[in-house]
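Presented below is the structure to which this report refers.
Please treat every number below as a calculation from the coordinates, not as lab data. Please read all numbers here as calculations on a predicted model, not as lab measurements. FYI the Cβ positions are ideal-geometry reconstructions off the backbone, even for glycines, and counts take in every protein chain you see.
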């Protein structure tokens, strides 16, 4: 899947748009303003937990597309604490950040890596991508509404209407930009993303990636939650620097 900004949910503003919107497309101010309001709200939240269920399409060598599911949870205490766990039937990863060090642990494999980290989550996300080619889980939650997510890359933005996601009232929006169509469901009354659906349009198979999110705010999160204590059987390995594109943890 193409790397994008949300919610990552991995997201929606990374591609560079070419030219003007095509005939019939329109960038509606209501849809763009909804993105901006969501970004402002998310930046104001100092402590929160997000539980996610994601489904991603992958192409097999024979051309068939299969869909894989992952579950995740993210604990955040701004500006310098993060803990995440992303798991599926085939992969299990845990992430710890305490403002000084970043750890990624693979419990099924028994390996972990530890590196010095910058003093904020946003800086950590940038460092992991540029230095190690690694994408922090749900990294886009920390970039909504920042200069890193320019809305002028949109070629279409439309309000679809009200919708219900897991019993929660939301507003559904549809967006287009070069290489990707995406839909976003924003909770009414508290502008957080409840679901995002991405469709890669420059791939003939049009693979999709979706994420559903459940939020808790003002959560109590002790320092111990963000500290990694390696099991005696775990072995430390080096996280090598690389120039490859960031590896998504979705």
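Worth pointing out:
- Förster-model FRET efficiency, 30 Å R0, residue 68 and residue 214, C-beta, rounded to 0.05: 0.90
- Each Cα pair under 8 Å and six or more residues apart adds its sequence gap; the mean of these over the residue count of segment 29-235 is a relative contact order of 23 percent.
- Segment 101-179 and segment 47-87 have Cα centres lying 10 Å from one another.
- Subtracting the Cα-Cα distance of residue 163 and residue 178 from their residue separation scaled by 0.36 nm leaves 2.8 nm.
- Prolate/oblate/rounded call for segment 30-171, Cα gyration tensor, a/c under 1.5 rounded: oblate
- Stretchable slack from residue 201 to residue 92, in nm (0.36 nm times residue separation minus alpha-carbon distance): 36.3 nm
- Relative to the current alpha-carbon distance between residue 120 and residue 152, full extension at 0.36 nm per residue lengthens the span by 8.8 nm.
- Remark: the Cα gyration tensor places segment 121-208 in the oblate category, a/c being 1.5 or greater and a/b not exceeding b/c.
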